[in-house]
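S.K.: Have a look at this one.
The values are calculated or read from the model by the stated rules, or taken from the named source; none is laboratory data. Just so we're clear, the structure is a prediction, and the values are computed from it rather than from any experiment. All Cβ positions, glycine included, derive from the backbone under ideal geometry; neighbour counts span all protein chains shown. Areas reflect the complete protein model, heavy atoms only, side chains present, ligands, DNA and RNA absent. Shrake-Rupley method; radii C 1.70, N 1.55, O 1.52, S 1.80 Å.
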Amino acid sequence: MVEERPFGTTLLALFQAVTGVIELNLGILMLTIGNPLPTVFPSINTYWVGLLMIVLGVISLFLGRTLWAGGASNWLLAISLTLIDVTIRIMLPVTYGTSWIAFAATLELDIVVLYYLTRPSTTPFFGGDGIRSVLSKFKIEMEPRMKEVRFTLRLVRKSYLSIVGASIIVFYLLVALLAPFLADPTNSLQQTGDPNMMWKDIELQATVSLEPQGPSAAHPFGTIQNQYDMYYGCIWGARSALRVGLYVAGGSMLIGLLIGIFASYYGGWIDEALMRFTDIIFAFPGLILAMTLVVVLVPMGINRLDAVMFALTIVGWPGYARLIRGEILRIKNEDYIEAAKSVGCSDLRVITKHILPNSIYPILIVFTLDIGTVVLGAAALSFLGLGAPPGYADWGQIIAFSVNWIYGSPSNPFAKWHTFVIPGLFISLFVMGWNLLGDALRDILDPTMRRK
Amino acid sequence: MGLRTYILRRLILAIPVLFGAALFVFAVIQFIPVTLRATLFVTSPQQLRIEGGLDRIARINGLYDPIYVQFYYWMRALLVDRNLGVDIIGQPVFDAIMKRLPSTVEIVLYASPVIIAIGLTLGVLSGANKDKLVDQASRVLAIMGTSLPSFWFGIVLLSIFYAGLQWFPPQRVGIDVTKFIGQEGSPWRWYTGLVTIDSLINGQLWIFVDALRHLVLPVTVLSLLNSAVMVRVTRSSMLEALGKDYITAAKAKGLTRNEVINKHARRNALIPALTISGLMVAGLMTGVTITETVFNMGGIGQYAAAAAQRYDIPPVIGYTVLSAVVFVISNLIVDILYAYIDPRIRLG
Amino acid sequence: MSEERFLRIKDLDLRFYTYEGVVEALDKVNLHVKEGETLGVVGETGCGKSVTGFSELVLVPTPGRIEGGKILLNRKGKWVNLLRQKDAFLRNVRGNEISMIFQDPKSALNPVYTVENQIGEAIAHHRMEEMCKRIIDADKKAQEELKRSDLSDKDRAKLKKDILSKNEKRMLERIIEYPADTYARIAGKIPIINRFRKRLNKEIRKEVVRMLKDMRIPDPERVAEMYPHELSGGMAQRAVIAMGLCCNPTMLIADEPTTNLDVTVQLQILTLIKELKKEYGTTIQYITHDMGVVAEMCDRVAVMYAGNVVELGGVYEIFKNPLHPYTRALLECIPRAGAEFKSIEGFVPSLISPPKGCRFNDRCPYAMEKCLKTKPDFAVAKEGHNVLCHLY
């Protein structure tokens, strides 16, 4: 039933492969020596864009291979990969200000791929008698999974703790997304050109003093020293927190997963060596290692916040590596893996189809809890003076400022309570939301306790 | 396998990890540009004026040597000479750390039993009474514990209990005590370096009380995060134990619910919880860094944090290496304890 | 073996409340066990035989609830409904009058306690009084013996060991009077005062070793000190059986005790159980899926299918003259050398929405109109032989 590969698909596969290789190399270049194409990538954050380029390159290569191979399951894989690809390509210009033009070309390539995948002439190659039958086969295959997901969601709804957690997270997401509308950045842009820096009320500086002022009409949360507006700091701090949390947790998860899967797939001395390496990093308490890394990286010229994120990622990945490796080893020994292997599944297929879907739950849980941990860690580093630069809209940074005022004035010890209570509440609530969700998920997804 | 063989094996396995940790730190140091590292060896402005400048200083101190040579010298300095370099004011890091160590040990000494007691009891209760009030309350408390930034919690506590109520002051001891100890011809003798114990040995009860008062807040903050983790782990291992067949068998023997929980479930549940206490040491070390800074306790954590703020590298490196060593050793001890308690491992 | 009924289960309903729905695990189950006999409960996996065993001890695992019926226990002539009893009463029954042994011996034993500890626990719980009395009697005897003048020094020393101090005696008597005394319990933990406890433990240990020896375990003293993971499957199961029989229960519920063992060990255990039954005279309820074991071990058998007892009667009777279609099919399906391999068509119905009427109706070769609509009664086809079928 599987036909010859249509010529169009061959072309697309080759194109994707070539694009993939180019992007991969660009990404690697960017990470090592800096921006190789300033016209395409004006004033960008080379670290993150480089990483994303590598990701894009890998996806394109995979996409090329999938298009080359054909088959019903690959058809779905190709569509998913293309969609992810599109998302990232749109995201890059939006968040990092890379030039639209360069990505527009490859974006078009993706759209052509999608078009091709849906054409009737390609469907025989991908197996099946048409898209509808493939879709219905897909539905049948996924039905038990969907049932489990529905069951999970039902349990989530029943557990009020997870509802509370999820609502808190949604709240912060909204605050972060709507930050420019909730707290006008014009003043900041005027003063420093970076909307992430808090703005100073210069009038108040001149008229009153540099001391923090309590909540007032102009400053709903009051000001901290040098008359930075704390309301602005707290609102935009949500952005900073989400950015740090998601990037670091996501980054360390990706790295950890890759290394863990790599190690357990190959086994033998590769596994041993990688695990020793993981142990070594584990031997250092997280924050202390992060501290050391930041202290070493910043004098080399790396931006402080980037150094913090990098350091926390390095500290975080061993956890994920160990986790996925433990899961893979556990599942590897189960009987159904032997059964799968005995009917001829290749190792990679065994890993993706059998092991990963079953081991994804603990990883998900650790991810949600990790975001909270990362944000707390970044806040602690900011508090110690190693994180965000002074004046940056970061909750930890604001609290660092407030250390001088915890004793208030001799007459009223609580005079400056707002300087530390408010940002602290912001952080605590944020982390609590993620912790509640992760905790509830942990109880919900634990297979031994699910059906009680 | 026998307990002794097991211990020996764990010991032997720990050494490469320590070695690797040292190697890792060394590798991180290598990232610092040579010129910057050379400045660490500069103790006076005259040195810079000698011809060759920083370059020469770098060469003298072997910074241009091949890496393995540098590593050899570094390790030798570390292990044999106990030379961790000098900090920004010229004080040898090793001495500075030793001077401040008792302060840190004191806090950890008081915090650990609190953490273990709260963590285990609450965890067992929680697991045994799943979803009832005790469980829900302790889960919420545990979550709050892991959500609060420890430095913030410390600040809030200081604001309330010190600025507001004047009950528990920061720092190790009050001014009176410092004057008493430091005065000419003082009857005070240092024995262990821990104020609480030494004050009892010296017979100065008022100093003992004062030191305790100063310890309340830091110990509270340190216990907060760590006991929350312990409660959580104990709870889940308790729940796991309660689901096992031997619990049904015990019930079928006619044992009371208390006996079943306390005797059968608990011991099995405590085993995984114990392994976490090894990791908890890591948590303590991190916690100590922040807590000491907030409360100005003068311990090694504060020293390292202050150094980091100034981008003064030697103390930070020294602290990091020390933390790794402590962590590996404590995990080793936990592994041995684990083998002792769980007969499955002890008897192979 | 008497005709006296020991345990009766009447119209027992058990439901499991799960997310997927309410599982009607047991539907008006009726059976009775006669004193001194071995009743086999046989059926496929999921038919409810294990859960019936658990219900008899009122130990149903959590999402399950007993919804109706009675479980009647014959205590010296009086019938008591176990489902209406308080927890304290039930705890006295469990392990003491009705005991249970399990399928996987290694997981039925707590891995962090020795065998001696776990068997001794049951003895301590139910036979404490007896143990105390033994020590006191030994003391009395020793005191009597010491009055004799013709004892060697060695004998004298040995007897002196049995003499109790006043405090010890007081403690033991206190325990006899107040079995759950906290004072005694705490005193048992304090190092110097707890000599009475040490004596008790020694006595209990003697009893444990005796039990293990009865189980035909070689070198019982050494085995008693072992941990469960050090034992082989067969040894572990013997230890579990010892645990079940140590308080001399009137009835033992054996939940597939040989299923997880090798075939050779299976034979050993079955032989052991038969011998023990002769020695102790215990009533046994043997739950299994193996018809061969039923033929070997049991006097009467209850056949279960999808939560119902479909046939109940003497072993010979049922094997010779199976009445219920399911029983007939089961017996036909026993693999015979040289014959073709047979199986029953169809699948066990889902117990979440069980079929109306007789639950076997979709697979029964004799199904009638009536079978699809009404549930049959547990009719008496012959003396001592009941069937749940419309044919009778």
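S.K.: Dipole size in debye (nearest 20) for the protein assembly as shown around its Cα centre, Lys and Arg Cβ +1, Asp and Glu Cβ -1?
M.R.: 3180
S.K.: Each residue of the stretch A:389-399 in order: what ³J(HN,Hα) in whole Hz does its phi give by Karplus 6.51 cos²θ - 1.76 cosθ + 1.60, θ = phi - 60°, with x for Gly and Pro?
M.R.: After applying 6.51 cos²θ - 1.76 cosθ + 1.60, I find x, x, x, 6, 7, 9, 4, x, 5, 5, 5 Hz.
S.K.: If you take the Cα atoms of chain C, find Rg, then find the Kirkwood Rh from the mean of 1/r over all pairs, what is Rg/Rh?
M.R.: Using only Cα positions, Rg/Rh for chain C is 1.06.
S.K.: Need one value: the accessible area of residue A:4 in square angstrom, 1.4 angstrom probe, rounded to the nearest 10.
M.R.: So the heavy atoms of residue A:4 present about 150 Å² to solvent.
S.K.: Now, a different point. Among the DSSP beta bridges whose two residues both lie in the protein assembly as shown, what percent are antiparallel, rounded to the nearest 5? Can you show the working numbers first?
M.R.: Values: 39 of 58 bridges.
In the protein assembly as shown, DSSP labels about 65 percent of beta bridges as antiparallel.
S.K.: Residue B:256 versus residue A:68, label points 7 Å from Cα toward the beta carbon: distance in nm?
M.R.: Here the modelled spin labels are 7.2 nm apart.
S.K.: Quick one: what are the phi-derived ³J(HN,Hα) couplings along the stretch C:177-194, Karplus 6.51/-1.76/1.60 with θ = phi - 60°, whole Hz, x for glycine and proline?
M.R.: 6, 10, x, 9, 5, 5, 4, 5, 5, 5, 4, x, 9, 7, x, 7, 6, 8
S.K.: Carbon and sulfur atoms: what percent of the 1.4 Å accessible area of the protein assembly as shown do they account for? Walk me through the numbers on the way to the answer.
M.R.: Working: 34980 of 56640 Å².
Looking at the protein assembly as shown in its full context, I get 62 percent from C and S.
S.K.: What total accessible surface area, summed over both chains, is buried at the interface between chains B and A, computed with a 1.4 Å probe and given in Å² to the nearest 100?
M.R.: About 4600 Å² of accessible surface is lost on pairing.
S.K.: Compute the distance in nm between two label points, each set 7 Å from the Cα along the Cα-to-Cβ direction, one at residue C:86 and one at residue C:320.
M.R.: Going from the residue C:86 label point to the residue C:320 one covers 5.1 nm.
S.K.: Which residue, C:226, C:368, C:243, has the most motion in a Gaussian network model of chain C that connects Cα atoms within less than 10 Å?
M.R.: C:368
S.K.: Given a 1.4 Å probe and heavy atoms of the protein chains only, how would you sort B:310, C:197, B:266, largest accessible area at the top?
M.R.: B:310, B:266, C:197
S.K.: Given DSSP loops and a limit of at most 12 other Cβ atoms within 10 Å, what is the longest stretch of chain B that contains no such GluC sites (Glu not before Pro)? Please list the in-between numbers first.
M.R.: Details: sites that count: B:51, B:184.
Looking at chain B, B:185-348 is the longest stretch - no exposed GluC sites (Glu not before Pro) with at most 12 other Cβ atoms within 10 Å.
S.K.: To make sure I understand the rule: partners must be aspartates and glutamates, Cα under 17 Å from the Cα of residue C:158, and not fewer than 8 residues away in the same chain. Which ones qualify?
M.R.: C:137, C:139, C:144, C:145, C:150, C:203
S.K.: Keeping all protein chains in the complex and leaving out DNA, RNA and ligands, what accessible area do you get for residue C:125 with a 1.4 Å probe, in Å² to the nearest 10?
M.R.: Its accessible surface works out to 60 Å², give or take rounding.
S.K.: Nearest 100 Å² is fine: what is the total accessible surface buried where chains C and B meet, probe 1.4 Å? Please report the intermediate quantities before stating the final value.
M.R.: Values: alone 20720 and 19750 Å², together 38320 Å².
It comes to approximately 2200 Å² buried between C and B.
S.K.: Pick out, from B:221, A:432, A:257, the residue whose Cα sits farthest towards the positive end of the charge dipole of the protein assembly as shown, with +1 on the Cβ of Lys and Arg and -1 on the Cβ of Asp and Glu.
M.R.: Working it through, the farthest residue towards the positive pole turns out to be B:221.
S.K.: Of the listed peptides C:69-78, A:370-379, A:325-334, what is their order by residue-averaged count of other C-beta atoms within 10 Å, with the highest listed first? Let's see the in-between values first.
M.R.: Values: C:69-78: 14.3, A:370-379: 26.9, A:325-334: 16.3.
Put in order of decreasing packing, that is A:370-379, A:325-334, C:69-78.
S.K.: Kindly express, to the nearest 10 degrees and within the range 0 to 90, the angle between helix C:128-146's C-alpha long axis and the longest C-alpha principal axis of chain C.
M.R.: Value to nearest ten degrees: 30.
S.K.: For residue A:87, what accessible surface area do you get with a 1.4 Å probe? Give it in Å², rounded to 10.
M.R.: Roll a 1.4 Å probe over it and residue A:87 shows about 80 Å².
S.K.: Moving on to the next point. For the stretch B:166-306, evaluate the Debye formula with one uniform point scatterer on each Cα (no solvent term) and list log10 I(q)/I(0) at q = 0.08, 0.13, 0.18, 0.20 Å⁻¹, rounded to two decimals.
M.R.: The Debye formula, applied to the Cα set alone, gives -0.39, -0.74, -1.00, -1.12.
S.K.: Over chain C, what is the mean sequence separation of C-alpha contacts under 8 Å (at least six apart), divided by residue count, expressed as relative contact order in percent?
M.R.: On the way: 636 pairs, mean separation 87.4, N = 392.
The value is 22 percent.
S.K.: Taking the simple approach of a point 7 Å from Cα along Cα-to-Cβ for both residue A:32 and residue A:90, what is their distance in nm?
M.R.: The modelled label-to-label distance comes out at 3.4 nm.
S.K.: Using Cα-Cα distances under 8 Å and only pairs 6 or more residues apart, what relative contact order does the stretch C:269-376 have, in percent?
M.R.: 16
S.K.: Return one whole number: the accessible area per residue of the protein assembly as shown in Å², for a 1.4 Å probe.
M.R.: 48
S.K.: What dipole magnitude, in Debye to the nearest 20, does the stretch A:164-445 give about its Cα centre under +1 on Lys/Arg Cβ and -1 on Asp/Glu Cβ?
M.R.: Working: 14 positive and 19 negative charges, 62 e Å.
Here the stretch A:164-445 has a charge dipole of around 300 debye.
S.K.: Report, in debye and to the nearest 20, how large the dipole of chain C comes out about its Cα centre when Lys and Arg carry +1 and Asp and Glu carry -1 on their Cβ.
M.R.: 1580
S.K.: At a cut-off of 50 Å², which residues of the stretch C:54-72 become less accessible once all protein chains are present than in their chain alone, using a 1.4 Å probe?
M.R.: C:59
S.K.: Given DSSP loops and a limit of at most 13 other Cβ atoms within 10 Å, what is the longest stretch of chain B that contains no such chymotrypsin sites (Phe, Trp or Tyr not before Pro)? Spell out each step's value before the answer.
M.R.: Details: sites that count: B:31, B:64, B:167, B:190, B:191.
Value returned for the longest uninterrupted segment is B:192-348.
S.K.: Can you list the residues of the stretch C:225-264 whose accessible area drops by at least 50 Å² going from the chain on its own to the full set of protein chains, with a 1.4 Å probe?
M.R.: Buried by 50 Å² or more upon assembly, which counts only protein chains, are C:229.
S.K.: Next question, about the same structure. What is the log10 of I(q)/I(0) for the protein assembly as shown, computed with the Debye formula using one identical point scatterer on each Cα and no solvent, at q = 0.05 Å⁻¹?
M.R.: -0.49
S.K.: Sticking with this one: Could you work out the relative contact order of the stretch C:1-102, using alpha carbon pairs under 8 angstrom and six or more residues apart, expressed as a whole percent?
M.R.: Contact order relative to length: 31 percent.
S.K.: Next question, about the same structure. For a quick check of your reading of the filter: which trypsin sites (Lys or Arg not before Pro) in the stretch C:139-178 sit in a DSSP loop and have no more than 13 other Cβ atoms within 10 Å? Walk me through the intermediate numbers first.
M.R.: Numbers: sites: C:140, C:141, C:147, C:148, C:154, C:156, C:158, C:160, C:161, C:166, C:169, C:170, C:174; in loops: C:147, C:148.
Passing both the DSSP loop test and the Cβ count: C:147, C:148.
S.K.: From the phi angles alone, apply the Karplus equation (6.51, -1.76, 1.60; θ = phi - 60°) to the stretch B:240-253 and give each ³J(HN,Hα) in whole Hz, x where the residue is Gly or Pro.
M.R.: Along the stretch B:240-253, the couplings run 5, 5, 5, x, 7, 5, 5, 5, 4, 4, 5, 4, 5, 7 Hz.
S.K.: Hey, another quick one. Straight-line reach from residue C:76: which lysines fall under 24 Å, measuring Cα to Cα and dropping same-chain residues less than 8 apart?
M.R.: Once the sequence-local lysines are set aside, what remains near residue C:76 is B:253, C:10, C:34, C:86, C:277, C:278.
S.K.: Pairs to check: C:133/C:213; A:416/B:132; C:49/C:375; C:141/C:189; C:78/C:189. Give those whose C-alpha atoms are more than 31 Å from each other in this structure.
M.R.: A:416/B:132; C:78/C:189
S.K.: What lysines could a cross-link reach from residue B:99, if we take a straight Cα to Cα line under 28 Å and drop same-chain neighbours fewer than 8 places away?
M.R.: In chain and number order, the partners are B:179.
S.K.: May I ask for the distance between the Cα centers of the stretch B:83-146 and the stretch C:281-303, given as a whole number of Å?
M.R.: 58
S.K.: Compute the length gained on full extension between residue C:189 and residue C:343: take 0.36 nm times their separation in residues and subtract their Cα-Cα distance, giving the result in nm to one decimal.
M.R.: 49.4 nm
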